[in-house]
Amino acid sequence: MTTEQSSLNGTLTDPLGPDQRTLLRLATAGSVDDGKSTLIGRLLFDSKQTFIDQMEAIERSSRTRGEEDVNLAYLTDGLRSEREQGITIDVAYRYFSTPRRKFILADTPGHVQYTRNMVTGASTADAALLLVDARRGVLEQTRRHAYLSNLLGIRHFVLCVNKMDLVGWDQAVFDEITEELTRFASRMGVTDVRAIPISAKFGDWVVEPSERMPWYDGPPLLELLETLEASEPPQHHASRFPVQYVIRPLRDEFHDYRGYAGTMASGVLRVGDRVKVMPSGAETTVAGIDAFDQQLAEATPPMAITVRLADQLDVRRGSMIVSAQHPPVAASSIDAHICWMSERVPLRARDRLVVKQTTQTTRAMVEEVGARLDVNTLEYDLTASQLSLNEIGRVRLRLMAPLSVDPYAESRETGAFILIDEATSATVGAGMITSGE
């Protein structure tokens, strides 16, 4: 069978053996019109990741809108409203690879109004491509995105000083912006900031070196991304299995079957493991792990499985099967950083909302809005009593039913949650847990 035949059948053959390339998840960050979508388009185009029909389509779109050059931003800005307004609204994911690595790249909006979309795209990223327009420098939204990226656990900041062609390829401009952003990052505790001067429009230092900025002696952007260290895989954490559905078939031959279906969030779950069922804390043993068409000895993220337990315990949707040696906290209250996303009303003490974390959902009351962040100074206003749209603050929530939680710094999977307006079912906030009790 040829390589082409294997690919058509859904199997990718590698003449060098199994694909051992690591995966790096990236998210763009920065203010509106800094060129994030154009940079991604340039990365895809110059690394030969685009198809002929895609290029023909964006060439037509560019001509229709009277643009002299092909607008590579259209490779990611797929919504008609995005192209008409010239801004990114939704999160667009692009998958590409090189001989050295695989990438998932999230193009996130820069506009303040769509900060909530940026949080979505950055929540699973290993590195942030933080773009700055060389003409405008570091803006408030740049700082907000940088702070959120750090809060979301992103360890690598790649500062791309874009549109260097519009400042005459001036090294002094690049050095000034790099120094300002590096100082800001160090105040957040971020130590890994790599800076690259680029022109996304013309491709300088994106995939290939550029003779127009010979004073830069580092690698091109793509080469740098190929060497960044990815985040620790979730299977390296303690085992967490949120239960999504209880399976009890009605047919007689399966009348004793009782399984708990869901997706592994973190850790490794093995047959014979001693586990706890949260939030009750009852202990038992894993009797079996079933996949769609086979029984497994162990499961890791993000496998969808059904777990069978040795004892008949009270397990329901929202329960969590966890490591008995390293269980999460069954919290009745949580302290968290909140990014407020509602345009309609601010977040205030005594507000009542719904908290959704993994498969668990409960009502909650805002016990306290403890502080509000100033993204320019990184100082907290301890007298704040509310959070408005896109503001970030420290909040304490009193839960109506306990949730099984870990600090976000230890586990993205069980340390994150969203806030939902019960009346409208709209998502109005995103939270990162700092502690629970």
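The values are calculated or read from the model by the stated rules, or taken from the named source; none is laboratory data. What you see is a predicted model, and the numbers here were worked out from it, not measured in a lab. Counting neighbours? That spans all protein chains shown, and the Cβs are built from the backbone with ideal geometry, glycine included. Keep in mind that these areas ignore ligands, DNA and RNA; they rest on the heavy atoms of the full protein, side chains included. Shrake-Rupley method; radii C 1.70, N 1.55, O 1.52, S 1.80 Å.
Please verify whether Ala349 is closer than 30 Å to Ser388 by Cβ and open to solvent by less than 10 Å² (accessible area, probe 1.4 Å), treating the condition exactly as stated. No, not satisfied. Can Glu343 be described as open to solvent by 20 Å² or more (accessible area, probe 1.4 Å), under 30 Å from Thr142 (Cα atoms) and either hydroxyl-bearing (Ser, Thr, Tyr) or out of contact with any helix residue (DSSP H, G or I) (no Cβ under 7 Å at 6 or more places or on another chain) (or both)? When the stated conditions are applied, Glu343 passes them.
Against the numbered list (1) of a type in the set (A, V, I, L, M); (2) touching a helix residue (DSSP H, G or I) at 6+ places or on another chain (Cβ under 8 Å); (3) in a loop (DSSP other than H, G, I, E, B), Leu222 comes up short only at (3).
Residues of the range 145-173 being open to solvent by less than 20 Å² (accessible area, probe 1.4 Å) and either in a strand (DSSP E or B) or polar (S, T, N, Q) (or both), which ones?
If the condition is that a residue be open to solvent by less than 20 Å² (accessible area, probe 1.4 Å) and either in a strand (DSSP E or B) or polar (S, T, N, Q) (or both), then Ser149, His156, Phe157, Val158, Leu159, Cys160, Val161, Asn162 are the ones that fit.
When the range 264-282 is examined, which residues are found to be modelled with pLDDT of 95 or more and either acidic (Asp, Glu) or open to solvent by 60 Å² or more (accessible area, probe 1.4 Å) (or both)? Of everything in the range 264-282, those that are modelled with pLDDT of 95 or more and either acidic (Asp, Glu) or open to solvent by 60 Å² or more (accessible area, probe 1.4 Å) (or both) turn out to be Arg270, Val271, Asp273, Arg274. With respect to the conditions (1) within 17 Å of the chain's Cα centre (by Cα); (2) part of a loop (DSSP other than H, G, I, E, B), Arg212 lacks only one, and its number is (1).
Here is the figure for the range 124-140: residues that are touching a helix residue (DSSP H, G or I) at 6+ places or on another chain (Cβ under 6 Å) and either part of a helix (DSSP H, G or I) or open to solvent by 30 Å² or more (accessible area, probe 1.4 Å) (or both) total 1.
The set of residues in the range 314-340 that are surrounded by 17 or more Cβ atoms within 10 Å (Cβ to Cβ) and either without any contact (Cβ under 8 Å) to a residue 40 or more places away in the chain or farther than 30 Å from Gly267 by Cβ (or both) contains only Trp340.
Every listed requirement among (1) closer than 29 Å to Leu151 by Cα; (2) crowded, with 17+ Cβ neighbours inside 10 Å is met by Val286 save one, (1).
Within the range 258-281, can one find any residue that is free of Cβ contacts under 8 Å to residues at least 12 places away in the same chain, within 26 Å of Ala331 (Cβ to Cβ) and in a loop (DSSP other than H, G, I, E, B)?
Checked the range 258-281: no residue is free of Cβ contacts under 8 Å to residues at least 12 places away in the same chain, within 26 Å of Ala331 (Cβ to Cβ) and in a loop (DSSP other than H, G, I, E, B).
Does Gly218 count as of a type in the set (Gly, Ala, Ser) and open to solvent by 30 Å² or more (accessible area, probe 1.4 Å)? No, not satisfied.
Conditions tested, residue by residue: (1) touching a helix residue (DSSP H, G or I) at 6+ places or on another chain (Cβ under 6 Å); (2) closer than 19 Å to Lys356 by Cα.
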position	(1), (2)
Leu382	no, no
Ser388	no, no
Arg398	no, yes
Leu403	no, yes
Ala409	no, yes
Arg412	no, yes
Phe417	no, yes
Thr424	no, yes
Ala430	yes, yes
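Note on the range 358-437: enclosed strands (runs of 3 or more DSSP E) holding 2 or more residues that are buried (at least 21 other Cβ atoms within 10 Å of the Cβ) are 360-374, 392-405, 416-420, 427-436. Residues considered: Thr182, Thr191, Thr178. Of these, the only one that is surrounded by fewer than 18 Cβ atoms within 10 Å (Cβ to Cβ), of a type in the set (Val, Ile, Thr) and at pLDDT 95 or above is Thr182. So in the range 289-306, with the set limited to residues that are polar (S, T, N, Q) and in a loop (DSSP other than H, G, I, E, B), which one is least open to solvent (accessible area, probe 1.4 Å)? In this case the residue turns out to be Thr300.
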